[in-house]
Each structure stands twice: as C-alpha cells, then as structure tokens.
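This report concerns only the one structure given below.
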Amino acid sequence: MGKMETIEEMIEAHPNEWLLFVDYEADEMNRPKRGILVAHSKDRSEIYKQMKKYKGKVGVRYAGKLPKDVEVMFLWEL
Amino acid sequence: MGIVNFDPNDSVLLVDAEVEGLIGGEVRNLRMVLDTGSSSTIIPWDVVMTLGYDPAKSASRKRLITGSGIEFAPEIKVKAFSSLGERIENFDVLCHDLPEESRVDGLLGLSFLRYFDLSIRFSRGEIELRPREGGSG
C-alpha cells in the first residue's frame with residue numbers, strides 16, 4: 001500500500017486520469033482531502049473494477065475537468 | 001450545513017458525495033454533478049455492487065431519458081447518502097452509469113436536494129445547502 005497524500009497531489013501526479021484512493025479523510029462537506037492512492041487509469045471501468053478489491057472508505061475522482069468545448073446535458077427521470 | 005465553492009465558468013456544478021454500504025464502515029466517495037434537472041440521484045452500478053447492494057434484484061425500475069433514448073434503471077435504498085455536509089438515511093438512488101466522458105460518477109438530483117434549501121450564488125461561486133425553513137422536508 002502506498003503513502004498518505006493529498007487529493008491535490010494525486011491530481012497533479014496523474015492529470016486527466018481516474019484515481020482510486022482508500023482510507024481517505026474527508027471534511028465536513030464530504031470533500032476528500034487526503035488518502036492513499038491505490039490505482040490510476042485513463043479507463044474509468046478499470047478503476048471501478050479495481051474498487052472491488054478494497055474495503056472501508058474508498059473514493060474515486062477524475063483528475064481533470066470537462067473540456068471547454070463539450071456541451072453537457074444530463075438525463076432525467078420520467 | 002455549509003458552503004462549498006465552485007468555478008462559475010465550469011460546464012457543470014461538481015460536488016462530492018458519500019454512499020454508505022450495507023455493512024458498517026463501507027463508504028464510497030464519488031464526484032457528482034449537482035443537477036436540479038434530474039428527479040433522482042444516480043450512482044453507478046459497479047459502485048453500488050461494491051457496497052453490498054444488488055440492483056438486479058430491485059423490483060423498482062424508473063424510466064430515464066438519455067441522449068440515446070429511454071432506458072430503465074433499478075432503484076435501490078442505500079443505508080445513507082451524504083453530500084454538501086448533509087446526510088439522509090434510507091435514501092433511494094437509481095443505478096445507472098453515466099458516460100465516461102462526463103468525467104463524473106453520478107448525479108445529485110432533486111430526490112436529495114428537495115429536503116433542504118439550496119442556494120447557488122454564481123457571483124461568488126458558492127453552493128449552500130441548509131435545513132429547510134420551518135423544518136419540513
């Protein structure tokens with residue numbers, strides 16, 4: 001298992017990848033602040049697959065933003 | 001109750017959420033889009049499964065309008081769901097995978113937001129969720 005680091009450090013080290021971290025600490029607004037990075041990948045499905053191996057507090061985050069030229073329209077329930 | 005900051009120029013409003021599993025101590029922290037246009041709160045199938053739930057056994061299905069047509073998603077009740085500093089126990093979520101290109105895990109919809117008073121201040125880049133006035137909800 002790796003070392004505890006901040007979410008910002010993980011994002012900086014693996015830009016535009018999906019991150020999987022465990023044993024994280026979150027603030028009162030449910031924002032993860034620190035954790036142990038256990039996997040990173042360009043492929044989200046790989047991260048979800050890896051998630052099955054871990055117990056306890058597990059978090060997922062994409063290390064980047066939506067491209068500015070992407071228009072977003074999400075779904076809604078009928 | 002509290003305030004989180006966001007970039008008013010971002011394409012979507014991003015928030016963090018925690019979903020609790022059937023077994024004590026199991027929690028998944030996800031990145032969600034705050035979506036007042038979504039009736040339900042939506043989280044991915046794989047995440048739900050790792051928390052000990054089985055969406056395939058759900059008797060409740062909801063119709064979703066997506067970019068590629070109408071789909072049916074199972075509805076399950078999770079032990080607890082938290083976001084923006086607020087927590088709801090025995091909370092209904094829909095199990096559905098958003099496109100990977102969305103860069104998020106799910107949607108925080110009205111099924112959660114309607115229990116609170118929500119303020120979005122674009123001039124300050126602030127989202128505030130607080131108990132409803134009068135305490136109902």
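The values are calculated or read from the model by the stated rules, or taken from the named source; none is laboratory data. None of the values given here were measured: they were computed from a predicted structure. Quick reminder, even Gly has a Cβ in these numbers, built from the backbone with ideal geometry, and neighbours come from all protein chains shown. What goes into the accessible areas is simple: the full protein's heavy atoms, side chains included, and nothing from ligands, DNA or RNA. Shrake-Rupley method; radii C 1.70, N 1.55, O 1.52, S 1.80 Å.
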(request) Scan the range B:51-73 for residues that are in contact with a Lys or Arg (Cβ under 8 Å, 6 or more places away or on another chain), open to solvent by 20 Å² or more (accessible area, probe 1.4 Å) and facing chain A (nearest Cβ under 9 Å) and jot them down. (result) B:70, B:71
(request) Tell me, please, whether a residue that is in a strand (DSSP E or B), without any contact (Cβ under 8 Å) to a residue 60 or more places away in the chain, within 24 Å of residue B:11 (Cα to Cα) and within 11 Å of another protein chain (Cβ to nearest Cβ) can be found in the range B:92-102. (result) yes
(message) If I go through the range B:11-44 residue by residue, how many of them are more than 7 Å from every other protein chain (Cβ to nearest Cβ), crowded, with 22+ Cβ neighbours inside 10 Å and not in a strand (DSSP E or B)?
(response) 1
(request) Looking for whichever is out of contact with any helix residue (DSSP H, G or I) (no Cβ under 7 Å at 6 or more places or on another chain) and either among the β-branched types (Val, Ile, Thr) or without any contact (Cβ under 8 Å) to a residue 40 or more places away in the chain (or both) here; the options are B:106, B:134. Which one fits? (result) B:134
(request) Select, from B:87, B:103, the only residue that is open to solvent by 60 Å² or more (accessible area, probe 1.4 Å) and more than 23 Å from residue A:18 (Cβ to Cβ). (result) B:87
(message) Out of the residues in the range A:13-30 meeting the condition of being touching a residue at least 24 places away in the same chain (Cβ under 8 Å) and charged (D, E, K, R), tell me which one is surrounded by the fewest Cβ atoms within 10 Å (Cβ to Cβ).
(response) A:23
(request) Might you check whether a residue that is under 19 Å from residue B:116 (Cβ atoms), over 15 Å from the mean Cα position of the chain (by Cα) and small (Gly, Ala, Ser) occurs anywhere in the range B:61-70? (result) no
(message) Given the criterion within 21 Å of residue B:10 (Cα to Cα), more than 9 Å from chain A (Cβ to nearest Cβ) and part of a strand (DSSP E or B), identify the matching residue among B:120, B:76.
(response) B:120
(message) Can you say whether residue B:111 is part of a helix (DSSP H, G or I) and closer than 28 Å to residue B:61 by Cβ, as far as the supplied structure shows?
(response) yes
(request) State the number of residues belonging to the range B:118-137 that are open to solvent by less than 40 Å² (accessible area, probe 1.4 Å) and not β-branched (Val, Ile, Thr). (result) 5
(request) Would you mind stating whether residue B:82 is polar (S, T, N, Q) and in contact (Cβ under 8 Å) with a residue 40 or more places away in the chain? (result) yes
(request) Enumerate the pairs (first residue in the range A:45-64 and within 7 Å of chain B (Cβ to nearest Cβ); second residue anywhere and in a loop (DSSP other than H, G, I, E, B) and aliphatic (A, V, I, L, M)) with beta-carbon separation below 8 Å, excluding pairs fewer than 6 apart on the same chain, so at least 6 apart or on different chains. (result) A:62/B:104
